[in-house]
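Encoded as structure tokens, the structure appears first; notes follow it.
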Amino acid sequence: MTTATAEVLDGQRAADFQRAARALLKDPLLLATGPYADEFRLVRGHADDLRDWFDRNTGWALQVDAQAARLRKSPGTRHDATHPAREPNAAARPFTRRRYVLLCLALAALERGEAQIALGRLADHIVLDAADPQLVATGIEFTLDRREERLDLAAVVRLLLRLGVLRRVAGDEEAYVNGAGDVLYDVERRVLAGLLATRNGPSLVKAATFDERLAALTAETALDSDDLRFRAIRHALTRRLLDDPVLYYDELTDAELSYLTRQRSFLTARITELTGLVAEARAEGIAMVDPKDDLTDLRMPEQGTHGHITLLLAEHLATLDEPVDLTSLHARVRELASEHGSFWSKTAKEPGAEPELVERAVARLEGLRLVTREGATVCARPALARYAIGDTVILDTRTATPGKGT
């Protein structure tokens with residue numbers, strides 16, 4: 001084999017390795033069949049190298065078999081609620097608290113069930129489990145008496161279909177919601193078994209409050225040496241650089257900031273090698289920028305009415321020197337409607353639409369870590385400055401001094 005041929009093959013292998021890693025980061029559960037079969041084959045071909053990289057740099061375990069590849073991701077921070085599960089459709093509405101509860105109850109019922117199940121039968125199991133006094137005491141109610149409840153169940157089932165836990169055999173969820181039929185599913189038990197990604201089994205956790213239970217579920221090995229502590233810091237920082245749109249220095253502990261200051265080049269170079277992301281370092285923090293613009297669940301800017309409004313509000317917030325309340329943003333959207341409304345959808349221009357428009361825009365900006373929100377107050381974060389537009393300056397090129405001010 002010639003040197004040139006070897007270099008081409010090495011380059012192709014590196015490109016395939018990067019594609020496999022990006023596929024796992026976008027969708028940590030890849031199936032051997034379906035729309036991501038090609039990505040699954042790539043991951044399976046590079047499983048050993050990927051498993052080693054994620055174990056050393058993030059602490060995430062990678063399990064690959066003939067049916068599925070599962071990257072057991074855990075977040076860098078436990079309290080980021082800006083990336084919820086969403087309906088697998090064009091609306092992509094975030095899951096509510098009740099839908100999350102229904103999802104857990106559905107998974108529990110499927111774990112106890114057979115290889116096939118009807119939606120009506122699954123619903124009966126969930127209704128029985130939802131009657132547990134501890135759930136009732138939290139305000140969760142599920143009786144299937146209302147259409148809204150059936151819509152919630154249908155959304156949960158469609159998420160399980162997208163994940164590959166269920167495979168539709170016959171019927172349609174919409175018919176079930178309307179009371180006109182049932183749906184039959186195959187249960188992919190191996191996919192179901194690999195869905196849970198907690199460090200510790202939920203049945204072993206005895207903590208009382210939500211925060212305590214969450215901490216117990218994700219607790220790492222006891223950090224009783226300097227090596228283990230440094231490894232935990234490296235894992236946490238790498239997870240955040242991979243998952244978070246921006247890593248701000250002021251959110252780090254003193255130990256994390258000290259480690260990142262010394263090891264920033266090493267950490268970012270390793271991530272670039274794996275993913276192709278490019279580090280953009282600023283005085284306030286680091287963003288891993290994706291030149292391919294597809295390794296994200298939120299984009300900015302985005303097309304359509306809501307994307308346009310989000311961009312306009314980002315520009316507005318970037319010019320403010322202090323936090324602003326939501327009421328002021330509602331008024332700003334009304335002003336923007338008179339100027340840009342001809343480009344917006346009809347419903348966005350209707351009176352009273354401002355609260356929903358502002359909520360969707362702020363949620364996107366918060367998910368991108370461009371703003372923070374406390375109650376009804378929104379505060380710009382440093383990375384939002386890139387959306388600020390200054391006053392237009394027209395230069396007379398005939399009199400401009402060469403090499404200056406252009």
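Read the figures in this text as sums done on the coordinates, not as results from a lab. All values derive from a computational prediction rather than experimental measurement. In this analysis, Cβ positions are derived from the backbone assuming ideal geometry, glycine residues included, and neighbour counts consider all displayed protein chains.
General observations
- Remark: F95, F210 ranked as F210, F95, counting other beta-carbon atoms within 10 Å and listing the fewest first.
- A cut-off under 11 angstrom between Cβ atoms defines the neighbours of P88, and their net charge, with Lys, Arg +1 and Asp, Glu -1, is +3.
- Evaluated with a Cβ-only charge set (Lys, Arg +1; Asp, Glu -1), the stretch 289-353 carries a dipole of roughly 340 debye about its Cα centre, given to the nearest 20.
- When the chain is described by a simple charge dipole with +1 on each Lys and Arg Cβ and -1 on each Asp and Glu Cβ, the residue from G45, L62, L223 located farthest towards its positive end is G45.
- Around the amide H of A279, modelled in the peptide plane, lie the amide H atoms of V289, all under 5 Å away and 5 or more residues distant in sequence or on another chain.
- The lysine pair count for the chain, using Cα distances under 27 Å and pairs eight or more places apart or on different chains, is 4.
- Listed by number, the DSSP H helices of the chain that run 18 Å or longer by alpha-carbon position along their axis and have mean Kyte hydropathy of at least -1.0 are 3-26, 97-112, 147-163, 226-243, 254-275, 304-318, 326-340, 354-367.
- Calculated FRET efficiency for the pair E220/T143, C-beta based, R₀ 51 Å, to 0.05: 0.80
- Residue order, fewest to most surrounding Cβ atoms within 10 angstrom, among T275, T77: T77, T275
- Ranked by how many other Cβ atoms sit within 10 Å of their own Cβ, fewest first, the residues S345, S203, S225 fall in the order S203, S225, S345.
- Peptides 36-43, 147-154, ordered by how many other C-beta atoms sit within 10 Å of their residues on average, highest first, read 36-43, 147-154.
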